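Before any comments, here is the structure.
All of the numbers you see were taken from the coordinates with simple rules; none came from a lab. Because the structure is a prediction, the values reported are computed rather than measured. Neighbour counts run over all protein chains shown; Cβ positions are idealised from the backbone, glycine included.
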Amino acid sequence: MSEVQATPTRGRTRPSGIGESVQRPDAIPKVTGAFAFSSDLRHDRMLWGGTLRSPHPSARISSIDVGPAVAVTGVHAVLTHADVPGRATFGLEHLDQPVLAGDVVRYEGEPVAIVAADHPDTVRRALDAIQVEYEVTEPLVDPSRAETATPIHPDGNVIRRIHLRHGDPSAADREGLVTVEGTYEVGMQDQAFLGPESGLAVPAADGGVDLFIATQWLHVDRDQVADCLGMDPDLVRLTLAGVGGAFGAREDLSLHVHLCMLAMHTGRPVKMVYSRHESFYGHVHRHPARMWYRHHAEPDGTLVRVEARLLLDGGAYASSSGAVIANATCFAAGPYRVPSADIDGVVVRTNNPPCGAMRGFGAVQTCMAHEAQMDRLAAALDMDPIDLRLKNALAPGDRLLTGQVLTGTLPVAEVIRTCAEHPSAAVRSDEPMTRPGGAGRTADAGHVVRGEALAVGFKNLMFSEGFDDSSAARCELRDGVATITCACAEVGQGFVTLVGQITREVLGVDEVVLAPVQTMGIGSAGSTSASRQTWMSGGAVQKACEEVRAAVVARVAVTHDVPVDDLVLVEGRVESLSGSVSVDLAEATAEPLSADVVHRHAPTSPLDHDGQGDAHVSFAVSAHRAIVDVDPDLGLVRVVELTTSQDVGRVLNPVQAVGQLEGGAAQGVGLAVMEEVLVDGGRIRNASFTDYLVPTALDMPPVEIAALIEQPEPGAPFGAKGIGEPPCISSTAAVVGALRHATGLELARVPVRPADIALAGAWAGVDR
């Protein structure tokens, strides 16, 4: 094990290889505004598209009259569900979501009709002219009623239930155990990416369509779009356009089919760009959760049994809810040894906005709950919360709640210890702007209380439960220049940088070209999600490069009549160990060499009826220590400092790793104290960045990197683990834990609002 501060560049003779802090090629264009996002797309004779959305969360559609819209000058197409040429529904796990609503609408904002016109203003006039008669029905908005309520969908209201049973069910049925119980709630969080949904569809002469789109999963998008268009997948060609953030919300289709329908109908290129308001309705969100927990432990702190009931609200359609509840259930107890458990997890349909993938994918919700429980248990035991966590920390060889044995690396104790022991730089300041509220006289310094807490997050890496997870890549080496083709969607995670680093490391080349990311000519790279692309697409690129390297060496061996074993590829040359041969790589590849690879990870299996099975490939753990200042009278909060340690396998790009940790921490802070999609009666009440609050630079504290724990993971490229998700899992729990410590309040729901503190009425006994 080594602990790396991950800020300096680590030494190598050749620049830009593995372990180097390499600047992203898109970094400067993005911060200067020169980067071409999907919303910047243009085409000759381009039309504009728009979507008419339901104003009701639940209603029957009596009639749709598009005649007035068709009559608007400049309108080229007005389409409804009757115009869908292929399959009428789509979905990631269940084909339950209509391309356009026909008989019923199941959430506010559901698409009902689409328009193509010569100008955005014309589009708006046409949308206003469409006449839809609705018979409004009572929406199902309370997920606790979903199982017994009238089904809102033919498949029923329960999307998936997992009742996980592990170990001896009678383990807690004896005297002398310490038991704590709590109920927790997590609100709906939006991915809040900077670039709303947008794209451009261009009809092709061969009868197909070319779609330029910001997405996370090109090939699955293509297959779904082709099915809805009733076309051969080869005729639907997707190219990745510039992505302005994703965080899971771009795994599902949004405007994809609509764009293609309009382009095919009009015979003209069509562009769509959602407004910020529309974007809140156009993509899935993080699942709201209600969670009940009971922990049993020995008097010395040894965990005996954990019981939990998890209820997630999936909203109107399934999306990836089945996988989300699986993660929430499997990791419900956190990174701790639990010999006995009973976890009942269910995700249901309601008439609330649809929910699906978001960074952390089910583990964020349960982490907030299980870490609150560990703090509660420590208090009941009169035990230091850090010691309690260390005593029960998972280690390789232990069994998870699913019965799976940990066979890879998982340095839980090291992550906890390094984070807890890292010196704090947080000092009290008399500067008014450093107080909660951030303005001169907002907070009285004498009323400010400080709190501190540590939380630990735990999640799987990559897809699970028997999913055939793979990524394809091609490496071509011509004249010493390597060209890499891979359909991995760059959504901001830095794969464009990593491709070059891997290729230079394996082949020793100076110049690496990344081919356009598209569905043509290459197989799927899978989704840019689940912390999988470093392992899967990075692994595919590594293997393709290794095959090309072997082919180059074999070619030189033949042409120079030397044994292959005598040759090595070093610093852009093929050289013999004896010194008799030295060939420049450009010369050796005047005739190009190439290799195509499909990379897969070790197989997994579905969970059985008791939630048992080897469902996962690998795991990662992170810890955050949060320090907060609180004005209890005003309920104002300032996060003073965040310190983090994380299990990373191996650091491939230190500066990029730090950026991921800082970004994840920011999303965690947002969920802890400000971010929530407010839904009332199925209606979103804050669909704008004016009312949906996201952390700014003024809200974020310094993020101290205590340690990046490097224990190379077997089977991963260069031993590296994905690092994008863990930071947003434990950061929320740490901030809320610190708020509890500062205030003495239970604070069982996130985000914590000022009213939750100021109106709690529990300050008489608090030592300030």
*asked:* At R0 = 35 Å, how high is the FRET efficiency between Leu698 and Arg42 if r is their beta carbon distance? Nearest 0.05 is fine.
replied: 0.45
*Once amide H atoms are built 1.01 Å from N in the peptide plane, which residues 5 or more positions from Gly19, or in another chain, come under 5 Å H to H?*
Asn653
*Only Cα pairs under 8 Å and at least 6 apart count here; give the relative contact order of the chain as a rounded whole percent.*
17
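Work through the residues other than Arg625 whose Cβ is under 11 Å from its Cβ and net out their charges, Lys, Arg +1 and Asp, Glu -1.
Values: positive: none; negative: Glu421, Glu452, Glu641, Glu704.
Overall, the nearby charge balance is -4.
Length gain on complete extension for the stretch Arg337 to Val481, per 0.36 nm per residue less the alpha carbon to alpha carbon distance? Show your work: numbers first, answer last.
On the way: separation 144, 0.36 × 144 = 51.84 nm, distance 5.00 nm.
Here the segment from Arg337 to Val481 would lengthen by 46.8 nm.
Restricting to Cα pairs below 8 Å that are 6+ residues apart, what does the relative contact order work out to for segment 280-436? Please round to a whole percent.
Taking the mean separation of contacting Cα pairs over the length of segment 280-436, I get 23 percent.
Rounded to two decimals, what is the ratio between the C-alpha radius of gyration of segment 470-600 and 2.2 N^0.38 Å? Write out the running numbers ahead of the final one.
On the way: Rg = 15.2 Å, N = 131, 2.2 N^0.38 = 14.0 Å.
For segment 470-600, the normalised Cα radius of gyration comes out at 1.09.
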*Ser580 paired with Ala82, simple spin-label distance in nm, labels 7 Å along Cα-to-beta-carbon*: 8.2
*asked:* Need the C-alpha centroid separation for segment 59-113 versus segment 240-259, integer Å.
replied: 19
*What spacing in nm lies between the two simple spin-label points modelled at Asp155 and Asp168, each 7 Å away from Cα in the Cβ direction?*
4.1
_Using amide H atoms built in the peptide plane, which far-off residues or other-chain residues are under 5 Å from Leu514 H to H?_
Ile484
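Just flag the GluC sites (Glu not before Pro) in segment 149-196 sitting in loop per DSSP whose Cβ has no more than 10 other Cβ atoms within 10 Å. Display every interim value, and only then the final one.
Numbers: sites: Glu175, Glu181, Glu185; in loops: Glu175.
Answer by residue number: Glu175.
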*asked:* Only counting other Cβ atoms within 10 Å, I'd like Tyr107, Tyr692 sorted with the fewest neighbours first.
replied: Tyr692, Tyr107
_Taking R0 as 25 Å, what FRET efficiency do you get between Asp384 and Thr183 from their Cβ-Cβ distance, rounded to the nearest 0.05?_
0.50
_Residue-by-residue Karplus 3J(HN,Hα) for segment 569-586, coefficients 6.51, -1.76, 1.60, Hz, glycine and proline x_ = 9, 9, 6, x, 9, 9, 10, 8, 5, 7, x, 7, 10, 8, 10, 5, 4, 5
*Compute the length gained on full extension between Thr559 and Ala34: take 0.36 nm times their separation in residues and subtract their Cα-Cα distance, giving the result in nm to one decimal.*
184.3 nm
*How much length, in nm to one decimal, is gained on full extension between Phe467 and Asp223, taken as 0.36 nm per residue of separation minus their Cα-Cα distance?*
86.1 nm
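Rounded to the nearest 0.05, what FRET efficiency is calculated for Asp206 and Val496 with R0 set to 45 Å and r the Cβ-Cβ distance?
Numbers: r = 30 Å, r/R0 = 0.67.
Rounded to the nearest 0.05, the efficiency is 0.90.
How do 215-228, 708-721, 504-517 rank on mean C-beta neighbours within 10 Å, highest first? Can you show the working numbers first?
Numbers: 215-228: 23.4, 708-721: 21.2, 504-517: 18.8.
Highest mean packing first, the order is 215-228, 708-721, 504-517.
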*Sticking with the crude label model, points 7 Å out along Cα→Cβ, report the distance from Asp680 to Val427 in nm, one decimal please.*
4.6
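Order of Glu587, Glu676 from fewest to most other C-beta atoms within 10 Å?
On the way: Glu587 12, Glu676 22.
Listed from fewest to most nearby Cβ atoms, that is Glu587, Glu676.
May I ask you to derive the relative contact order of segment 470-600, considering only C-alpha pairs under 8 Å and at least 6 residues apart, and to give it as an integer percent? Walk me through the numbers on the way to the answer.
Numbers: 266 pairs, mean separation 49.8, N = 131.
The value is 38 percent.
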*Distance from the Cα centre of segment 680-703 to that of segment 379-452, in angstrom?*
24
*Quick one: Lys459, Lys391, fewest Cβ neighbours within 10 Å first, how do they rank?*
Lys391, Lys459
